[in-house]
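The values are calculated or read from the model by the stated rules, or taken from the named source; none is laboratory data. Quick caveat, the model's predicted, so the values are computed rather than measured. When we count neighbours, we look across all protein chains shown, and the Cβ atoms used for this are built from the backbone with ideal geometry, even at glycine. Note: areas computed on protein heavy atoms with side chains; ligands, DNA, RNA excluded. Shrake-Rupley method; radii C 1.70, N 1.55, O 1.52, S 1.80 Å.
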Amino acid sequence: MLFSENYFSQRDRQVGSIEVICGSMFSGKTEELIRRMKRAQFAKLPVEIFKPAIDIRYAEKEVVSHDSNSIPSTPVEHSSAILLLGGEAKVIGIDEAQFFDDELPNVCIQLANKGVRVIVAGLDMDYQGRPFGPMPNIMAVAEDVYKVHAVCVKCGAPANYSYRFTKNDNVVLLGEKESYEPRCRHCYFHKIDE
Ligand SMILES: Nc1ncnc2c1ncn2[C@@H]1O[C@H](COP(=O)(O)OP(=O)(O)O)[C@@H](O)[C@H]1O
Ligand SMILES: Cc1cn([C@H]2C[C@H](O)[C@@H](COP(=O)(O)O)O2)c(=O)[nH]c1=O
Ligand SMILES: [Zn+2]
C-alpha cells in the first residue's frame, strides 16, 4: 500500500504529511497528482489545488496533464497565499512547485503540522540537470518522495532528464514538445543527434 493512502489513520489523529512527486518533463507527475487528488475527493475530503500563476500553458485555472487530464486549481503569485487560501482543506495539492519561491518548504511544513496532507509535484532538475528551485528542500522535509520517469525519446529507456533544444539560457522557459524532450542519462549527456 502506498504511504499516501495510509496517512490519516494513526490512533484516530489526523496526521499531516508532505508527499513529493518528482521527475523529468512528461514523466507523469501531473497525472499522479490528479490521481491522488481525485481519490481524496472520492473520500469526501475537502481539497484545494494550487499552481504558480506564471504557469499558463494549458489553462489559467486548471492543472492539466500532457494527456489532457485536468482538475480545477487556484493560481497564486507567492507560496504564502497557499496558507491564506487553503481554508479548511484536508488535502492540498501543489503543481509545478519548481517555479515557487524559497518559502514553499516552510509553507508545506506549516500546513502538514496543522494536519494537512500536502502533495507537491514538480521538476526535480532543470534543463541543465541542476536541482530546480525549492524542490530539493521540499524533498528533504517530505515523508515520502515518489520519482516518476518518462520514456527517453531517443532510445526508449526510462528518462530522468529534460533536454532543452531551444537556444535560451534562462532557467525558466515555459514550453512543451517544441522546446523539450525527455531523455535517459546516456542520451542526455552524449547529446545524441542534437
Ligand atoms: N516520452 C514520453 N514519455 C512518457 N510519457 C509521454 C512522453 N511523451 C508524451 N507523454 C505523455 O505525457 C503524459 C504525462 O503527462 P504529465 O502527467 O503532464 O507529465 P509531467 O507533469 O511529468 O510533465 C503521459 O501519460 C503520456 O501521455
Ligand atoms: C526543464 C525545464 C522546464 N521548464 C518549464 C517547461 C514547462 O513549462 C515546465 C515543466 O512542465 P511539466 O509539467 O513538468 O512538463 O517547466 C523550465 O522553465 N525550465 C527548465 O529548465
Ligand atoms: Zn536514451
Restricting the search to the range 42-61, which residues are among the charged types (D, E, K, R), over 14 Å from the mean Cα position of the chain (by Cα) and more than 9 Å from SER73 (Cβ to Cβ)? LYS44, ARG57, GLU60
Name every residue in the range 26-48 that is within 13 Å of ligand 1 (Cβ to nearest atom) and not in a helix (DSSP H, G or I), in order of residue number. PHE26, SER27, GLY28
Kindly indicate the residue of the range 142-167 that is open to solvent by less than 60 Å² (accessible area, probe 1.4 Å), modelled with pLDDT of 95 or more and not in a strand (DSSP E or B) and also nearest to ligand 1 (Cβ to nearest atom) among those meeting that condition. CYS152
Can you find a residue in the range 1-17 that is modelled with pLDDT of 95 or more and either acidic (Asp, Glu) or under 15 Å from the mean Cα position of the chain (by Cα) (or both)? no
Spot the failing condition for ILE192; the list is (1) over 15 Å from SER24 (Cβ atoms); (2) within 14 Å of ligand 2 (Cβ to nearest atom); (3) part of a loop (DSSP other than H, G, I, E, B), and only one is missed. (2)
Please work out which one of (1) closer than 21 Å to SER162 by Cα; (2) open to solvent by 60 Å² or more (accessible area, probe 1.4 Å) is the condition GLN41 fails and give its number. (1)
Would you please list the contacts, defined by Cβ atoms under 7 Å and residues six or more apart or on different chains, that run from a residue in the range 26-45 that is under 10 Å from VAL63 (Cβ atoms) to a residue that is of a type in the set (Phe, Trp, Tyr) and at pLDDT 95 or above? none
Considering only residues that are of a type in the set (A, V, I, L, M, F, W, C) and under 18 Å from the mean Cα position of the chain (by Cα), which ones fall in the range 84-97? VAL91, ILE92, ILE94, ALA97
Does the range 168-186 hold any residues that are part of a strand (DSSP E or B) and more than 15 Å from ASP55 (Cβ to Cβ), and which are they? GLU181, PRO182, ARG183
Residues located in the range 100-112, provided they are within 16 Å of ligand 2 (Cβ to nearest atom) and crowded, with 21+ Cβ neighbours inside 10 Å: PHE100, LEU104
Suppose we filter the range 70-85 for residues that are open to solvent by 70 Å² or more (accessible area, probe 1.4 Å) and assigned to a loop (DSSP other than H, G, I, E, B); how many remain? 2
Can you tell me which residue is nearest to ligand 3 (Cβ to nearest atom) among those in the range 113-141 that are assigned to a helix (DSSP H, G or I), touching a strand residue (DSSP E or B) at 6+ places or on another chain (Cβ under 7 Å) and open to solvent by 10 Å² or more (accessible area, probe 1.4 Å)? MET139
